[in-house]
1. I need a count of the residues in segment 487-510 that are crowded, with 17+ Cβ neighbours inside 10 Å and assigned to a strand (DSSP E or B).
2. Tell me which of these VAL436 doesn't satisfy, since it passes every other one: (1) under 26 Å from ILE492 (Cβ atoms); (2) of a type outside the set (Gly, Ala, Ser); (3) crowded, with 17+ Cβ neighbours inside 10 Å.
3. Suppose we filter segment 66-89 for residues that are assigned to a loop (DSSP other than H, G, I, E, B) and within 17 Å of ASN117 (Cα to Cα); how many remain?
4. Restricting the search to segment 545-561, which residues are more than 22 Å from GLU374 (Cα to Cα) and either surrounded by fewer than 21 Cβ atoms within 10 Å (Cβ to Cβ) or of a type in the set (S, T, N, Q) (or both)?
5. Just to check your reading of the model, which residue among ALA465, ALA516, ALA483, ALA472 is surrounded by 20 or more Cβ atoms within 10 Å (Cβ to Cβ) and not assigned by TED's automatic domain parsing to the domain that holds GLY603?
6. For segment 567-598: of the residues being among the acidic types (Asp, Glu) and more than 30 Å from the chain's Cα centre (by Cα), which is surrounded by the fewest Cβ atoms within 10 Å (Cβ to Cβ)?
7. Under the condition of being loosely packed, with under 12 Cβ neighbours inside 10 Å, assigned by TED's automatic domain parsing to the domain that holds GLU195 and among the acidic types (Asp, Glu), which residue from segment 223-272 is farthest from VAL324 (Cα to Cα)?
8. Which of the residues spanning segment 259-274 are assigned to a loop (DSSP other than H, G, I, E, B) and touching a residue at least 24 places away in the same chain (Cβ under 8 Å)?
Amino acid sequence: MKLRPAVLLACLSMPLMTARADHGNLASFNELTGRWYGVAKTTVLNESVDVSWAPDGSVLLYVLQTAEGKRLMKIDPATGRSEPAVEGSPEFKDFRAGEKGGVFLETAEGWRKAEGNRLSEAEPPQGPPRRDERRRPRRDDGEQRGGNRQHVAWKSPDGRWEVSLQEGAVKLKDTKDGKERELARKDDAGEFRSEPVWAPDSSRFAMWKEKDVEERIVHYIESSPKDQLQPKHFTREYPKPGDEIDTRAPWVFFTGNEEAIAADESLIANPFECRQLEWRKDSKRLTFEFVERGFGKHNIIEIDSAARKQRVLVREESDTFVFVYGNSFRRDLNDGDEILWMSERDGWKHLYLLNGSDGSTKRQLTKGEWIVREVVDVDEQNREVLLKISGCYKGQDPYYIHYARVSIDTGKLVPLTEADGTHDRFERAPGGKYYVCRWSRVDSAPVTELRKWEDGSLVATLAKADDSKLRATGWPLPEPFVAKDRDGKFDIHGIICRPPDFDPAKKYPVIENIYAGPQDSFVPKAWNPWMMPKHEIAVHGFIVVQIDGKGTANRSKEFHHFCYKNLKDAGFPDRIAWLKAAAAKYPQLDLERVGIFGGSAGGQNALGAMLFHGDFYKAAVADCGCHDNRMDKIWWNEQWMDWPVGPEYADNSNVTHARNLQGALLLTVGEVDTNVDPSSTYQVINALIAADKDFEFLPMTGRNHGSGEERYAQRRRVDFFKAHLGSAR
């Protein structure tokens, strides 16, 4: 039978019409997302309360938000009695408490002092210093490595001696007689570059001898630069697991005729980092920290330059890993007679007081099945330490942050917070007798309290956030949910975010937002009605969850170290058990339609879900994933996967297991991602092609790390999940 031209044309056009994509709905995506964002951001009065302490701590000023506007209050912490701080309702941008309860306001005309109902021009008292942002310790611990430090001179504390670097040689000059001598020269083992660390009595100094290697270079092509037509090429130094790295070790030089002392190589074998040179006041003992490659050791090394002996003073070693850049803390007290030291040696992250003469434990300052999250402050004069802790209250979420102080002399712990929530915005009064702190939960608005330092007792509740207008909108707050892990041993904690038009009579596709990187825990604990990027998905008709499974941090050592050489596990059996328990309680979760997404390590996890648990997860969006840990940055991956690079690296690689892909997959990556080498994604693509697997790929041109959270990529992610998981039904 012959088809007429018109019929043939119609037959050919039908599949083309069916395959046409729905282009250009970013505007409607933004409109719907923005509309619900506005609802979630409905004003909640007193979410955050600004405060100012009088310099002597006798008065606290704070601002309350009311329906009529801001209201400045003052409270006497000794009595807990509060009252308006000024007469009337003057407009102000900022405020400060002065001596004897004086009130200073920054108005449109400048700073004024409030006296009765009058405002007179006055300079305000100096505000409190701002705390520096907490940063991850750099590998060089802030000391300059490398670079040209030649022809630079440094004088000794007493001014007599001058050290200089000249053409690779360390020179010492006696300014008393002008004589100069050479102490050392560069050789195949390295070169002296850094600034000398002088002993207090000027009799000797220490310097790093550094050996540089040619570091790996990652190449980038920016295909569509904004300032020119042709592509741009640039490079970044980017050491990867197993690479040879720069190393350094300390030497001790003397102003007398003694022979220089090099660090004992047997004590610092296979270094990842040596750092923090410090002399004791006796000018004989020098200490520094040694971090072993693979992170199995983090030790303090002592060089007794008088006895010419070296030893491990403090030994922190593990068969798995020591989380140096997350769990470590050290503070030397009394010229090193004592050392405050953080350790997981009893299975939980706790603070110890060590004997500085031999490294033995004088006192375990904190103890129990809970952890120290952070040392906030050390008061050497009063011999106490302010801590952030978590897991200390049975029956509460073990991730909630609380504050406590502990005595260095007795180990007595005084809890400073107790509310069933996570705490922040801790601010202590001058003089230290009182403090302000705020607590909240994901489903409970913030409460700001004034408490006593002595015993943590409550003086007054300054404000309870008023979320009545938000709740009146019907906006569904995230819900915490807890279930047992794969073995029924550990509690697994997560949250559930429902769509704003949630209908309990329907079943919804479920999307997991995953990040299983072992450096932290990631499920939000504090009040935040709009949680990016979960709500960017939830408002489009999905139930979105986030879970912390085994292998993530801030629990016991057993819970955390499950990740060791085992990143592909990512806690998936725990996550699946949690989801099944949640669906048993809330049948609106449709576990026949489960998707997953994540970025960076979460991108690795999201794809891993489809490779190792494709019978449960049906669709995944993986952004900028470190899919093969041999391709990613050196410190993050050797921290969990160890060194030298062993067969575990290949076994944990998504590239190795690409042939196991089930379900639908969308990969995204920034073209110029300088955090995770984009080739990590491209090598997965290569393996998927070789395995004849179907998938979608969205390269984000000119974008860096995390470009999957740009609006266009977010829209594509929602469209992808709708296409493969459907909507509520």
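The values are calculated or read from the model by the stated rules, or taken from the named source; none is laboratory data. As the structure is a prediction and not an experimental result, all values here were calculated from the model. Glycine gets a Cβ as well: all are built from the backbone with ideal geometry, and neighbour counts include every protein chain shown.
1. Residues meeting the conditions: 9.
2. (1)
3. Step one: of segment 66-89, the residues assigned to a loop (DSSP other than H, G, I, E, B) are 67-68, 77-80, 85-89.
Subset that is within 17 Å of ASN117 (Cα to Cα): 85-89.
Counting residues in segment 66-89 that are assigned to a loop (DSSP other than H, G, I, E, B) and within 17 Å of ASN117 (Cα to Cα) gives 5.
4. The answer is GLN546, and nothing else.
5. From the options ALA465, ALA516, ALA483, ALA472, the qualifying one is ALA465.
6. To start, the set of residues in segment 567-598 that are among the acidic types (Asp, Glu) comprises 569, 574, 590, 592.
Right, trim to more than 30 Å from the chain's Cα centre (by Cα) and you get 590, 592.
On the way: ASP590: 18, GLU592: 11.
Across segment 567-598, the extreme among qualifying residues is GLU592.
7. Ranking the candidates gives GLU259 first.
8. We begin by selecting, within segment 259-274, every residue assigned to a loop (DSSP other than H, G, I, E, B); these are 259-260, 263-264, 268-270.
Across segment 259-274, the qualifying residues are ALA260, ALA263, ASP264, ILE268, ASN270.
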